[in-house]
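**Q** Here it is: the structure, laid out below.
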Amino acid sequence: ESDNGVWAIYSGDINSDEKIVLLDLGSLEADISNFQYGYFATDINGDGNVDLLDAPNVESNINQFVFSVHP
């Protein structure tokens with residue numbers, strides 16, 4: 001729970017290794033350079049385009065050291 005009953009999910013684990021790190025940003029930058037559009041893991045904001053608008057979410061989660069923890 002993030003705040004007062006609001007639930008959230010972190011996004012940006014592009015390579016599905018359960019952590020958001022610079023390797024994910026590299027994949028995003030490659031798809032930005034290739035002007036990818038459509039349904040891609042690198043389309044972080046879900047607008048149908050892989051572009052610079054997807055980068056801030058990934059960069060923020062990298063800086064916060066977001067990773068998965070299992071019992």
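The values are calculated or read from the model by the stated rules, or taken from the named source; none is laboratory data. What you see is a predicted model; the values in this text were computed from it and never measured. Note that we place each Cβ from the backbone using ideal geometry, even for glycine, and neighbour counts take in every protein chain shown. SASA here: full protein model, heavy atoms, side chains in, ligands and nucleic acids out. Shrake-Rupley method; radii C 1.70, N 1.55, O 1.52, S 1.80 Å.
**Q** Please verify whether the stretch 22-39 includes one or more residues that are among the hydrophobic types (A, V, I, L, M, F, W, C), loosely packed, with under 10 Cβ neighbours inside 10 Å and more than 22 Å from Phe65 (Cβ to Cβ).
**A** Scanning the stretch 22-39, I find at least one residue that is among the hydrophobic types (A, V, I, L, M, F, W, C), loosely packed, with under 10 Cβ neighbours inside 10 Å and more than 22 Å from Phe65 (Cβ to Cβ), so the answer is yes.
**Q** Step by step: first the residues of the stretch 1-21, then only those that are farther than 16 Å from Glu59 by Cα and of a type in the set (Asp, Glu), then the one that is most open to solvent (accessible area, probe 1.4 Å). Which residue is that?
**A** Glu1
**Q** Follow-up question, since we're still on this one. Counting just the residues of the stretch 41-71 that are assigned to a loop (DSSP other than H, G, I, E, B) and touching a Gly at 6+ places or on another chain (Cβ under 9 Å), which one comes out surrounded by the most Cβ atoms within 10 Å (Cβ to Cβ)?
**A** Taking the stretch 41-71 and keeping what is assigned to a loop (DSSP other than H, G, I, E, B), we get 41-48, 50-54, 64-66, 68-71.
Checking which are touching a Gly at 6+ places or on another chain (Cβ under 9 Å) leaves us with 44, 48, 50, 54, 66.
Details: Ile44: 20, Gly48: 11, Val50: 26, Asp54: 24, Val66: 17.
So, considering only residues that are assigned to a loop (DSSP other than H, G, I, E, B) and touching a Gly at 6+ places or on another chain (Cβ under 9 Å), the one surrounded by the most Cβ atoms within 10 Å (Cβ to Cβ) is Val50.
**Q** Search the stretch 56-67 for residues that are over 14 Å from Asp17 (Cβ atoms) and pair each with any residue that is open to solvent by 50 Å² or more (accessible area, probe 1.4 Å) when their beta-carbon atoms are under 8 Å apart and the residues are at least 6 apart or on different chains.
**A** Final answer for the pair search is Asn57/Asn45.
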